[in-house]
Amino acid sequence: MYVIRHCEAEGQSLEAQLTERGVRQAADLTEFFADMKIDRIISSPYLRAIQSIERVAGLGGQVKHPSC
C-alpha cells in the first residue's frame, strides 16, 4: 500500500488545480508506478487529488472517490 499526498496545487480550495510543478510531479508518479500492478486507487474528490492520480489510474486499477 502506498499513501500519496496530492501534487503541488494552486491552493487548497475544492477546485484548486495543479501548478506546472504539480503536473511534473504527477508525471513522475506515473513513471514510478509504471511497472507495478495497481488494484485500487482511493482519492479524495478534490480536483488537485484527481489530477494527481489520473495518469496513474490510466495504468489500471479501480478509482474510488469517497466523500470527505
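Readers should treat all values here as calculations from the given coordinates under stated rules, not as data from a laboratory. Just so it is clear, the structure is predicted and the values come from calculations on it, not from any experiment. All Cβ positions, even for glycine, are placed from backbone atoms using ideal geometry, and neighbour counts span all protein chains on display.
Among the GluC sites (Glu not before Pro) found in the chain, those both in a DSSP coil and sparsely packed, with 14 or fewer other Cβ atoms within 10 Å of their Cβ, are Glu10, Glu15. Note on the chain: the C-alpha convex hull projects to 4.2 nm² when averaged across all orientations.
Between the helical axis of 47-57 and the longest alpha-carbon principal axis of the chain there is an angle of about 20 degrees. The chymotrypsin sites (Phe, Trp or Tyr not before Pro) of the chain that meet both conditions, a loop assignment by DSSP and at most 12 other Cβ atoms within 10 Å of the site Cβ, are Tyr2.
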